[in-house]
Structures are given as structure tokens and as C-alpha cells.
1. Quick one: how many residues across region 268-296 are outside any loop (DSSP other than H, G, I, E, B) and under 27 Å from the mean Cα position of the chain (by Cα)?
2. So, in region 136-155, how many residues would count as being farther than 15 Å from residue 102 by Cβ and open to solvent by 20 Å² or more (accessible area, probe 1.4 Å)?
3. When you scan region 221-230, how many residues do you find that are outside any loop (DSSP other than H, G, I, E, B), open to solvent by 20 Å² or more (accessible area, probe 1.4 Å) and of a type outside the set (D, E, K, R)?
4. Out of curiosity, is residue 233 open to solvent by 10 Å² or more (accessible area, probe 1.4 Å) and not in a loop (DSSP other than H, G, I, E, B)?
5. Output the number of residues of region 71-112 satisfying the condition of being charged (D, E, K, R), over 26 Å from residue 164 (Cα atoms) and not in a helix (DSSP H, G or I).
6. Look through region 123-135, keep the residues that are buried (at least 17 other Cβ atoms within 10 Å of the Cβ) and modelled with pLDDT under 90, and return whichever of them is farthest from residue 177 (Cα to Cα).
7. Among the residues of region 297-313, which ones are part of a strand (DSSP E or B), open to solvent by less than 50 Å² (accessible area, probe 1.4 Å) and over 17 Å from residue 253 (Cα atoms)?
8. Identify, by number, the condition in (1) surrounded by 14 or more Cβ atoms within 10 Å (Cβ to Cβ); (2) on the phi > 0 side of the Ramachandran plot; (3) part of a loop (DSSP other than H, G, I, E, B) that residue 23 doesn't meet.
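The values are calculated or read from the model by the stated rules, or taken from the named source; none is laboratory data. Note that this is a predicted model, so its numbers are computed, not measured. Positions of Cβ are generated from backbone atoms using ideal geometry, with glycine treated the same way; all protein chains shown enter the neighbour counts. Note: accessible area is taken over every heavy atom of the protein model, side chains too, but ligands, DNA and RNA are not part of it. Shrake-Rupley method; radii C 1.70, N 1.55, O 1.52, S 1.80 Å.
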Amino acid sequence: MSANAIVFDKVTKSFGTVRAVDEVSLSIPRGALVTLLGPSGCGKTTTLRLIAGLELPNAGSIMIEGRDVTRLAAAERRIAMVFQSYALFPHMNVLENVAYGLVVQGARKASAEADALAMLKTLGLEGLGQRLPAELSGGQQQRVAVARALVLRPQVLLFDEPLSNLDARLRRQVREDIRDLQKRLGLTVVYVTHDQQEALAVSDLVCVMRAGRIAQMGTPRELYDEPADAFIADFMGEANVLQGEVLGPGHIALAGVALETRLRPHPPGAALLAIRPEAVSLHAEGEGLPGQIKRAAFLGQTHEYEVATPAGQVFVVAPAGTLVFAPGDEVRCRVERAIALSMVTG
């Protein structure tokens, strides 16, 4: 059996003259959590719906666990989906919501409720079976939606923007719950989000999409540290993308100022240089790219600065406890690490 749970082979989906998914080839390993990430309109949700069978492709093929499901309807695939809105039945209690899919499939009520109770226990919802959805917190409702999906024993579990309705602290808790559950049960999960931090936090692999195509796929660390181009560098966390020059191993120039830095291998010459905000250190004097603080903000654990330099505006994130600057201060910017993205032509 293939090590991949899902395989797309040159899959295309069009809506009128718009190609939402454009000849996408994609392999998702069994037991992995893979995030489809990208801006609005990039094709990530359409790709998820193609996996689910809620959309059928115009061209190409889709395999799930070695079976060709290209033309199969959603009900014929062993897929479960957790929607952004949770889609819980408000008039049913938690136990009835979780057992519903099994009953629809023909299971006896007693058997369905026994399986539902076991799944509620697995997800830490034991004792909540008789409550209505309105009596639960947002995080609890999310876990009920997951329980309702998992009780069907799907081969693949799909999440469509599952945390967008939760506040920041609850988002962090629920994403950790989802990741823990996925690892514990060895599930294959495909997860759609537009939130880069969410993707970095939960994923084994991240597939960044742009204009219906895959821009780059890799581990969170690979995409953050080794972006393929300026779009990926800027989308996977913030990046200062500046025109500069690679002088040689470990040496770059910005606005004619030579800087020593950690740099992945790149031929000498003009290049686009991506510099993460946390990879810039600010100093009152000495070597570095000269600049002036235009904006300063204290965020508790960090300070954020906007710095005007001859190479362009530079965004800097500095840890609390470092030297503090104010708007108008003259500074020197030292670059701890830069990513040479592509040669500048023309």
C-alpha cells in the first residue's frame, strides 16, 4: 500500500472562466497533518472540497488510500469534514449530535450512542452528553464537531478554517487539542487556514497555494527558513524583502553598506534579500545599516520598530530587555541572518 493517503495528479477545477485549482499534483502522507495555506482566492478551500467530494474536478485524478475517488460523491468516500461553523444541530443534545451520522448510516440507536459516548470520552467531553450546543463554550462545541466526524471512522479528516470563530487564547488551546488528537490517533488530517501562525503551530507539512497552484510545500521550518521566493518569504511570517547584493559567503550589501550575516549559499551578485524582523538587531552606534526609528511599540515580551533606512523601510522585532529606542533615534541595523531569494534582472 502506498505511504500516501491522498494523491492529486494534475487536478483542475474551473468555475466558468476562473481556474480555482490549476493542474495541482499533490501527495499527502498517511498519518500526517497537512495544512493548505494561502490568501483568499488561492484555491485552498476548493482543493479541500475536491478531497471531500463536494466538488468534482474538470481534469486529473484523485486517489484516497489507493482508491480512485475522482468521480465518487462525498457519501461514497470515507471522509469526514469539520466546518468553520461547527454545524451542530441546536435542538439535539451533544450525544445525539455525535451519534447522528452513525444513525443515518443505519446503526442501531443503542450502538450509535455507545460509540458516541466512547468518542466523547476520547475528546475530554465525558459528562457533557446531555447538554445542548448552546450550553457549551466555543472550544467545547469545536470538540463536539470533531467527535461527530471521528465517530464515523474516516480515512481522512478535513478541517475548514476550524478556529476562525474563536478568540486568540481559545484558538491556541483548541489548535493544541487538534494536534494532540491527530498524533494520538495517527489520523491523516488536511487543514485549511489563512493564518500563518496556526499553520506553523500544527502542521507536519504546509502547502502554500497561490492563484490555484502550489507555490511551495515543505515542513514549517523549511518554508520559514528556506522560502522559494519573495511571496513565500512574506507570507510565511513577516519578512523585509529588500533589493541588495550578495558579496560572497556570509556577506551582503544593502544600499552599498557591506554587512556580515548568516546566509544560505547563493551566487554573488544582485539579489532580493529577505530578512526576518527578529533577525535584525538595533544598536546606537558602530557598524551596520544606518537608519532612523519612525515608529516604536512595546508589546510586553517584545518591542516592534519601523526603521527608515537607505535600503527601504525595515520592520524589527526585538526581545524585551534589549536597548529601547524612541521615534527619531538614529540607529545601526545589523543583520543576523538573510535569505537570498532570486537574482534581480533588468
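1. So the answer is 8.
2. Qualifying residue count, region 136-155: 6.
3. 2
4. Here the answer is no, as residue 233 does not meet what is asked.
5. 3
6. Filtering first and then ranking leaves 125.
7. Correct list: 297, 302, 303, 304, 305, 306, 307.
8. Only one criterion in (1) surrounded by 14 or more Cβ atoms within 10 Å (Cβ to Cβ); (2) on the phi > 0 side of the Ramachandran plot; (3) part of a loop (DSSP other than H, G, I, E, B) is unmet by residue 23, namely (3).
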